[in-house]
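Contents: one structure, followed by commentary.
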Amino acid sequence: MKILELGTGWTSTYGIIPSLARQDCKFVCFDVKDIRHTCSKFKESLNYNISEYFSNEGRDSEISKKIVRAISKDNIDDIYSEFGVDYCVNEEGVPPYRDGEFDVIYSFDVLEHIPADAFSRIAKKWYDILRPGGRFMARVSLCDHTSYWADRSIDKRYLGYSQSVWRNILENDVQYINRLSASQIVEIIEDVGFVTLEKSAEQIVGDFRVHPSYKWQSDTDLRALSLLYIGKKP
């Protein structure tokens, strides 16, 4: 099987961890930002996260030896190579692969960062590069990412502001979120051709302020903190 991770992140190891668990598969890690200049941080994250996942492995195990060899490398390409994982960057956000190349595409807390006006076009590319019968899986954070660093009453602070105020005053490039609702994301993914197998959303409990520009959303969408989506290409 060939598996693509969308948005591997600055210090993420979500692409490497499954490659150790399924060494019979080929993994590709894709992102829009080149993280090669963050090698020390990447190794720090790698050492911590992988050690957590494989804490029961003995120091003499093949996985442990591979981790030690990887952390000794001086650049990220060599680290990924040690795990048999390809690292790919495209600033436009479009994976440069041929149609039907992958059996599985997955992402963790990434789809909320895709520009709203480009989401449909990029989703169509995911559909094209997945083989018929292949699976598409995503966990999408629907929270206000700036709220991670500030006191807040709810995780979706942006609901309390108009779209224009959020876009022009509060939003920034580093923590950009498209503010698409769970239903909008599912609708776009289905519109490009995916068949939904499973979808669920964690919900906010309690009362909170909602600006009129979001009043059109259902209560379920307004309260959705994260979306778990699993679909397939027919």
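The values are calculated or read from the model by the stated rules, or taken from the named source; none is laboratory data. Fair warning: this is a prediction, and the values are worked out from it, not measured in the lab. For neighbour counting, all protein chains shown are included, and Cβ atoms are generated from backbone atoms with ideal geometry for every residue, glycine included. Ligands, DNA and RNA are excluded from the accessible area calculation, which covers all protein heavy atoms including side chains. Shrake-Rupley method; radii C 1.70, N 1.55, O 1.52, S 1.80 Å.
Along the positive direction of the dipole of region 16-119 (beta-carbon charges: Lys, Arg +1; Asp, Glu -1; about the Cα centre), which of Phe30, Phe83, Leu111 reaches farthest?
The residue sitting most towards the positive pole is Phe83.
For region 154-196, which trypsin sites (Lys or Arg not before Pro) are both in a DSSP coil and crowded by at most 16 other Cβ atoms within 10 Å?
Qualifying residues, ordered by number: none.
Binning at 5 angstrom from zero up to the longest distance, how are the C-alpha pair distances of region 96-234 distributed in percent?
Distribution as computed: 2, 10, 19, 22, 19, 12, 9, 6, 2, 0 percent.
Which translational diffusion coefficient, to the nearest whole µm²/s, is obtained for region 157-234 from the Stokes-Einstein equation, given a Kirkwood hydrodynamic radius over C-alpha pairs, 4 °C and 1.567 mPa s? Display every interim value, and only then the final one.
Working: Rh = 14.0 Å.
Taking Rh from Cα pairs, D becomes 92 µm²/s.
Report, largest value first, the span of the C-alpha coordinates of region 1-50 along each principal axis, in whole Å.
Sorted from largest, the Cα extents of region 1-50 read 30, 24, 11 Å.
How much of the DSSP beta bridge set in the chain is antiparallel, as a percent to the nearest 5? Numbers along the way, then the final one.
Details: 15 of 34 bridges.
So the antiparallel bridges amount to about 45 percent of the total.
Quick test of the membrane-span-like rule: which DSSP H helices of the chain reach at least 24 Å along their long axis (C-alpha atoms) with mean Kyte hydropathy at least 1.6?
Within the chain not a single helix satisfies the rule.
Could you tell me what percent of the accessible area of the chain is made up of carbon and sulfur, with a 1.4 Å probe and every protein chain present?
On the chain, the fraction of accessible area on carbon and sulfur atoms equals 49 percent.
Using 0.36 nm times the number of residues separating Lys73 and Arg209, minus their current alpha carbon distance, what extension gain do you get?
Gain in length upon complete extension: 44.0 nm.
Across region 85-166, what fraction of all alpha-carbon pairs, as a whole percent, falls in each successive 5 Å bin from zero upward?
3, 12, 17, 22, 16, 10, 9, 7, 3, 0
For Lys33 and Gln175, FRET efficiency with R0 = 22 Å and r from the beta-carbon atoms, rounded to 0.05?
0.95
For Ser64 and Asp24, what does the FRET efficiency come to when R0 = 22 Å and r is the distance between their Cβ atoms, rounded to the nearest 0.05?
The computed FRET efficiency comes out at 0.70.
What value, in deg cm²/dmol to 500, does the helix sum -39500 (n - 2.57) over DSSP H runs of n ≥ 4 give at 222 nm once divided by the residues of the chain?
Result for the chain: -8000 deg cm²/dmol, rounded to the nearest 500.
For region 78-156, what is the relative contact order in percent, using Cα pairs closer than 8 Å and at least 6 residues apart in sequence?
34 percent
Taking only the alpha-carbon atoms of the chain, what semi-axes of the equivalent ellipsoid follow from 5 times the gyration tensor eigenvalues under a square root, in whole Å, largest first?
32, 22, 16
Could you give the accessible area per residue of region 81-234, probe 1.4 Å, as a whole number in Å²?
50 Å²
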